[in-house]
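Undergrad: Please read through the structure below; I'll follow up with questions.
The values are calculated or read from the model by the stated rules, or taken from the named source; none is laboratory data. Note that the coordinates shown come from a computational prediction; the quantities given were computed from them, not determined experimentally. Because the Cβ atoms are built from the backbone with ideal geometry, glycine has one as well, and the counts that use them run over all protein chains shown. Quick note on the areas: whole protein, heavy atoms, side chains included, nothing else; ligands and nucleic acids left out. Shrake-Rupley method; radii C 1.70, N 1.55, O 1.52, S 1.80 Å.
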Amino acid sequence: MTENKNEKVSNKKNDGNAKRTNKNNKKDDHKKNRKDSRSSNSSSSSDEESMSEGERERLMKEVEEKKIIISNMRSKPWRMSKKLHVLKEAHDFVERFEGTLGRGKGRKLYAYKIMMAKKWMKFKRDFENFKTACIPWEMKIKEIESHFGSSVASYFIFLRWMYGVNIVLLCMVLGLIIIPEMLMGLPYGSIPRKIVPRAEEATSVNYDVLSEFRGILKYSPLFYGYYNSERTIGPLQFRLPLGYFLCGVGVFGYSLVVLIRTMAKNMNESAVDGDDDNFTFSWKIFTSWDYLIGNPETADNKFASITTSFKETIVEEQENTKEQNVHLQRFLIILANVLVLACLGGSGYLIYFVVQRAQEFKKLDNPTWYQNNEIEIVMNLLSMFCPPLFETIAALENYHPRLALKWQLGRIFALFLGNLYTFLLALINDVNAQLVEEEAVKNQTEILLHNLYNSSQSNGSTSTPYIHPADMPRGPCWETNVGIEFVKLTVSDTQMTYLMILVGDFLRAVVVRFLNNCWCWDLEGGFPSYSEFPVSENVLGLIFNQGMIWMGIFYAPGLIVVNVLRLFSSMYLQCWGVMSSNVPQERFFKVSKSNNFYMALLLLILFMSLLPVAYTVMTITPSFDCGPFSGKNRMYDVLQETIQIDFPPFMTTVLAYASNPGIIMAAVILLVLAIYYLNAISKAYKRANIEMKKKMQTKRDEEKSRRNNTASTNELMKDIEDLLPPSVRFGIKKEREDKENGKMLTTNSTSETNTKNGKLTVPSQKGPRVMVTEPPRKTTLVVTTSMKKPNVKAPAPPPPGKGRGQTRS
């Protein structure tokens, strides 16, 4: 009994000691956890020193593996939730352990390098996103391309490019002409060319006058006549006439350079692009979707883009396999071209007739609004109705949609160019009439000044007689009148374009949308239905408008401001009109990203715009009382004057020799030969490139057939098998092993049969099968052929009972 009591007491003591030790251990663990939580916030050097080399290497390997996972996450065929979860875990692991792997004193430097590398990568990524966000209208164009195809998007890309070019031209004109004149030139009202005449002051601010760009607008920096002809102006001695002339040259020079560079860049991109004609639908099915898309709107646009690309590819395949009657096709093509030529001739004659009649309207005292704007109205109506007529005629030809678009562009371009040159020829006749009037005004002004001077001298006054600038006789200033015509044409074209969007597209879409349910027939499927976006008319309208800018900027420097505002507003209004009022085309067709057809038309209109300006600069005498070249025989005399006054004398001699017609002709011939030589080389390179592509395709087909005919496994099939369930993979593997075992058994049975027959056969993949018989002597070596190298072996002794001449296996 006493022993039991002692045991109970000792057990109670032990339990109490155990509880106390457990409490102490819990307190120690709590303190240790607090210490660990404090030390985990900052990596201490003691922990690094206590870390073993094996653990350090293991962590470094894991960090590298996590980095590889982060870099290859884009190509993983996982769901977005799984990608985000794995990516977050990998980033957390790298950020936790990458900075703690430094050794000794270099730990902080290593951690600093890692931190700066991460900061730099983040900065580069943010900067790339910033550059993408700075691209004007990028998201709008992507949305249009996804819903309406690449043909419609190509117009808006071209419009954005034209806007960038005009921004540079605007900076040139503002920096060399408008701002220097406004800051350093004479103020408004100081000279006759900068003030409204006395007879026009009463109506100078009326709306009907301002709508014709007369009144105060005619005597503003918007037009040529406002600028002074003094050689230098302001305290900086800025040479305004020279700057005006060089700015006009620079506009054409910059436009030519940027056009050629863009065309060369597009050609390089088209040469670098690979051949994507093989397995087109397979590539689109398996590689079109972007698994990084997380925005629902972006996903919808991507879905629409993939659908549109399939439609474009289907049209391409249909056009490649289409069969048609050749003779009927040729007859319809000839008929269509005859009808188009008749339309072009009729439109040119109509414009010439209207311009000639407009000169008679100017002689009237109070012409009506239609008489003042008849030229612009007729040209806009032709631009509105002729392109749809050409499109109707083009339906007879049944061309490929891409080829039909090029023919449509060419015909509309011929229409616009013919109308423009007809307008210019009639305008030159008007300029010649104004030059005759200007001579009469010049003689009248000289007589008036001479009479005033004589009257002042007879009165005994020695001072020059003062005449108010508003009372001075004015010449017609034909340069300003030409600039007014170009500005009016540009503004009227802009108004007509906007009116067609609002009335022809939006109002038509509203009628079809809301009256379709209560109408007698199906308005969406029949007449009038929703309108399609006319790519060819809009592209040619943009090119034609730019041609007018290039021609009119020399006579109206403010025209570039009007054009920049037009392009800026046109982008927003047309994007809205396309997305709200238009429907996709019935036949989608793919437009190449490196298509130079638009640029070629723009280059041609640039050259055609240069000719009238060069003619007026080199041939026609400038006005005597307006503009920076007044008082000179020709406009280019300002360049000769600058060379004679500001340059050394030998430069005059050098330029005189350089302007010799013989040297110029030799230089032109040399340039033509160089162009011919480079063109021949480019054609040879193109042919060599085509042949190389054919050889590479043939080699690729041979390699593909060789791989398919051999027993080697395909890497793509391996990747596909990895995606299968384990049971299916095991079954495929077992089936493959059974086939291989069956082949081996067949081979062994064949060899045994050959042995029984007394013949030894060695298989060879390329050469014939070789049969080796036993030689008559036992000591002779038998050479057996093989695939790689010969094997030399001594024959075994014949078994008893066998004679010579028998085969041995």
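Undergrad: Consider GLN574 carefully, then state whether it is out of contact with any Pro (no Cβ under 7 Å at 6 or more places or on another chain), assigned to a loop (DSSP other than H, G, I, E, B) and either modelled with pLDDT of 85 or more or surrounded by fewer than 21 Cβ atoms within 10 Å (Cβ to Cβ) (or both).
TA: Spelling it out, it is not the case that GLN574 is out of contact with any Pro (no Cβ under 7 Å at 6 or more places or on another chain), assigned to a loop (DSSP other than H, G, I, E, B) and either modelled with pLDDT of 85 or more or surrounded by fewer than 21 Cβ atoms within 10 Å (Cβ to Cβ) (or both).
Undergrad: Every residue in the stretch 364-403 that is open to solvent by less than 30 Å² (accessible area, probe 1.4 Å) and closer than 17 Å to PHE597 by Cβ, please.
TA: PRO387, PHE390, ALA394, PRO401
Undergrad: So if I check each of LEU420, LEU425, which one is modelled with pLDDT under 80, over 30 Å from the mean Cα position of the chain (by Cα) and in a helix (DSSP H, G or I)?
TA: On inspection, the qualifying residue turns out to be LEU425.
Undergrad: Give GLU138, GLU98 a once-over and let me know the one that is acidic (Asp, Glu) and either open to solvent by 80 Å² or more (accessible area, probe 1.4 Å) or modelled with pLDDT under 85 (or both).
TA: From the options GLU138, GLU98, the qualifying one is GLU98.
Undergrad: Next question, about the same structure. Out of (1) in a helix (DSSP H, G or I); (2) under 24 Å from THR203 (Cα atoms); (3) out of contact with any Leu (no Cβ under 8 Å at 6 or more places or on another chain), what's the single condition that is false for ASP365?
TA: (1)
Undergrad: Turning to a different aspect of this structure: Against the condition surrounded by 15 or more Cβ atoms within 10 Å (Cβ to Cβ) and more than 30 Å from THR480 (Cα to Cα), how does CYS520 come out, does it pass?
TA: So CYS520 does not fit the description; no.
Undergrad: Quick one: PRO476 ticks every box in (1) assigned to a helix (DSSP H, G or I); (2) at pLDDT below 90 except a single one, so which number is it?
TA: The single condition PRO476 does not satisfy is (1).
Undergrad: If you don't mind, there's one more thing I want to ask. Quick check on the stretch 168-181: of everything there that is out of contact with any strand residue (DSSP E or B) (no Cβ under 7 Å at 6 or more places or on another chain) and not aliphatic (A, V, I, L, M), which residue is nearest to GLU230 (Cα to Cα)?
TA: Among residues in the stretch 168-181 that are out of contact with any strand residue (DSSP E or B) (no Cβ under 7 Å at 6 or more places or on another chain) and not aliphatic (A, V, I, L, M), the one nearest to GLU230 (Cα to Cα) is GLU181.
Undergrad: Restricting attention to the stretch 484-500, which residues are open to solvent by 20 Å² or more (accessible area, probe 1.4 Å) and of a type in the set (Phe, Trp, Tyr)?
TA: TYR498, the sole residue that qualifies.
Undergrad: In contact (Cβ under 8 Å) with a residue 12 or more places away in the chain and open to solvent by less than 50 Å² (accessible area, probe 1.4 Å): does that describe TRP161?
TA: no
Undergrad: Continuing with the same structure: Condition first: in a helix (DSSP H, G or I), open to solvent by less than 10 Å² (accessible area, probe 1.4 Å) and farther than 14 Å from ILE412 by Cβ. Now tell me which residues in the stretch 530-569 satisfy that.
TA: Once the filter is applied, which keeps residues that are in a helix (DSSP H, G or I), open to solvent by less than 10 Å² (accessible area, probe 1.4 Å) and farther than 14 Å from ILE412 by Cβ, the stretch 530-569 yields GLN546, MET548, ILE549, TRP550, MET551, GLY552, LEU559, ILE560, ASN563, LEU567.
Undergrad: Further question on the same structure: Which pairs turn up if I take residues in the stretch 182-199 that are within 10 Å of TYR226 (Cα to Cα) and look for partners that are small (Gly, Ala, Ser) with beta carbon separation below 7 Å, at least 6 apart in sequence or on another chain?
TA: Pairs found: ARG193/GLY225; ILE195/GLY189; ILE195/ALA470.
Undergrad: Another one. Condition first: surrounded by 19 or more Cβ atoms within 10 Å (Cβ to Cβ), of a type outside the set (A, V, I, L, M) and within 19 Å of PHE245 (Cα to Cα). Now tell me which residues in the stretch 167-192 satisfy that.
TA: Matches in the stretch 167-192: PRO180, GLU181, GLY185.
Undergrad: Just to verify a result, which residue in the stretch 578-619, among those that are farther than 26 Å from LEU246 by Cα, assigned to a helix (DSSP H, G or I) and open to solvent by less than 20 Å² (accessible area, probe 1.4 Å), is modelled with the lowest pLDDT?
TA: My answer is TYR598.
Undergrad: In the stretch 618-658, what residues are in contact (Cβ under 8 Å) with a residue 24 or more places away in the chain, more than 23 Å from GLY185 (Cα to Cα) and not hydrophobic (A, V, I, L, M, F, W, C)?
TA: The answer is THR621, and nothing else.
Undergrad: Could you please tell me which pairs satisfy a Cβ distance under 8 Å, a separation of 6+ or placement on different chains, a first residue in the stretch 204-225 that is more than 20 Å from ASP625 (Cα to Cα) and in a loop (DSSP other than H, G, I, E, B), and a second residue that is open to solvent by 30 Å² or more (accessible area, probe 1.4 Å) and polar (S, T, N, Q)?
TA: Correct list of pairs: GLU212/ASN372.
Undergrad: Scan the stretch 284-305 for residues that are loosely packed, with under 15 Cβ neighbours inside 10 Å, modelled with pLDDT of 70 or more and of a type in the set (A, V, I, L, M, F, W, C) and report the count.
TA: 5
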